[in-house]
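The values are calculated or read from the model by the stated rules, or taken from the named source; none is laboratory data. This is a predicted model, so every value here is computed, not measured. Note that each Cβ is placed from the backbone with ideal geometry, even for glycine, and that neighbours are counted across all protein chains shown. For the accessible areas, the whole protein counts, side chains as well, though only heavy atoms, and no ligand, DNA or RNA atoms are used. Shrake-Rupley method; radii C 1.70, N 1.55, O 1.52, S 1.80 Å.
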Amino acid sequence: MTIRADLDHIARQWISLWCAPIDWALFDRLHAPHFEDCASAGRPADKAGFASGLRKMVQAFPDLRTQVDDLVIDESRCAVAVRWSAVGTNRTRYLGAGPTHRSTRITGIEIIEIAEGRIVRRWGEWDVTAHLAAPAAPASEAGGPK
């Protein structure tokens, strides 16, 4: 493989992690032990902190499906910018909202830096406004009595 193909493959594998069930063996292979989350949103900025955030997101959206919408690869810096989107049904409280029991679209842009085939650093911004704006579902929509 070329450097470009390797970077593309790593970025696509990384985004594929954000679906249930999470492939934790792949997670460990992709993240360097000294991984740094430069946009940790209050979580610890290390590999364990990122794993915790990923676990919470997939618990809240157990049918979450992600896709890569666009990739920009900088071979000289071994960095990839990834624009992604995901759709899932919100089943538990997440980021202070829900559960909505409705399909929700989440989008984001990530920049990952890769060294020796592993992600060493990540920056990211997610748009979860559709989730935060959605009211909790009434009991009838949540599968309760009608």
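Surface analysis of the range 1-77 yields an accessible area of 53 Å² per residue, using protein heavy atoms and a 1.4 Å probe. The rule of thumb for compact globular proteins, 2.2 N^0.38 Å, goes into the C-alpha radius of gyration of the chain 1.11 times.
Between ALA45 and ARG83, the distance separating the two model label sites (each 7 Å from Cα on the Cα→Cβ line) works out to 2.7 nm. When you restrict to C-alpha pairs under 8 Å that are six or more residues apart and normalise by the size of the chain, the relative contact order lands at 22 percent. Computed over the chain with a Gaussian network model linking Cα atoms closer than 10 Å, the most mobile of ALA32, ALA133, ALA115 is ALA133. Out of every Cα-Cα pair in the range 41-84, what percent are more than 16 Å apart? Everything past 16 Å amounts to 60 percent. Provide the percentage of antiparallel DSSP beta bridges, counting only those with both residues in the chain; round to the nearest 5. Of the beta bridges lying entirely in the chain, close to 90 percent run antiparallel.
I want the local charge near ALA81. Using Cβ-Cβ distances under 14 Å, sum +1 for each Lys or Arg and -1 for each Asp or Glu among the other residues.
Details: positive: ARG4, ARG12, ARG77, ARG83, ARG121, ARG122; negative: ASP8, ASP69, ASP70, ASP74, GLU75, GLU110, GLU113, GLU125.
Once positives and negatives cancel, what remains is -2.
List the equivalent ellipsoid semi-axes of the range 53-127 in whole Å, largest first, each obtained as the square root of 5λ for an eigenvalue λ of the Cα gyration tensor.
Numbers: eigenvalues 157, 30, 17 Å².
For the range 53-127, the semi-axes come out at 28, 12, 9 Å.
Could you tell me the center-to-center distance, by alpha carbons, between the range 1-37 and the range 65-128 in angstrom? Here the answer is 12 Å between Cα centres. Here's the picture: a label point sits 7 Å out from the Cα of TRP123 along the beta-carbon direction, and within the range 37-77 the residues with their amide nitrogen under 11 Å of it are 38-39. For the range 79-93, the Karplus equation 6.51 cos²θ - 1.76 cosθ + 1.60, evaluated at θ = phi - 60°, returns couplings of 10, 9, 9, 10, 9, 9, 9, 8, 9, x, 8, 6, 10, 9, 4 Hz by residue, with Gly and Pro reported as x.
So what's the angle, to the nearest 10 degrees on a 0 to 90 scale, between helix 47-60 and the longest Cα principal axis of the chain? So the helix axis and the longest Cα principal axis differ by about 30 degrees. Taking the longest Cα principal axis of the chain as reference, the axis of helix 3-16 is set at about 20 degrees.
For every helix of n ≥ 4 consecutive DSSP H residues, a contribution of -39,500 (n - 2.57) applies; sum these over the chain, divide by its total residues, and give [θ] at 222 nm rounded to the nearest 500 deg cm²/dmol.
Values: 4 runs with 40 residues, N = 146.
So the helix-based figure for the chain works out to -8000 deg cm²/dmol.
On the chain, 55 percent of the accessible area sits on carbon and sulfur atoms, based on a 1.4 Å probe.
Per-residue accessible area (protein heavy atoms, 1.4 Å probe) orders GLU116, GLU125, GLU75, GLU110 as GLU116, GLU125, GLU75, GLU110, starting from the largest. Distance distribution P(r), the range 6-63, all Cα-Cα pairs, bin width 10 angstrom from 0: 22, 55, 22, 0 percent. Within the listed set ARG43, ARG118, ARG91, the Gaussian network model of the chain (springs between alpha-carbon atoms below 10 Å) gives the highest mean-square fluctuation for ARG43. Here the Gaussian network model covers the chain, with springs between Cα atoms less than 10 Å apart; of THR100, THR66, THR129, THR129 fluctuates the most.
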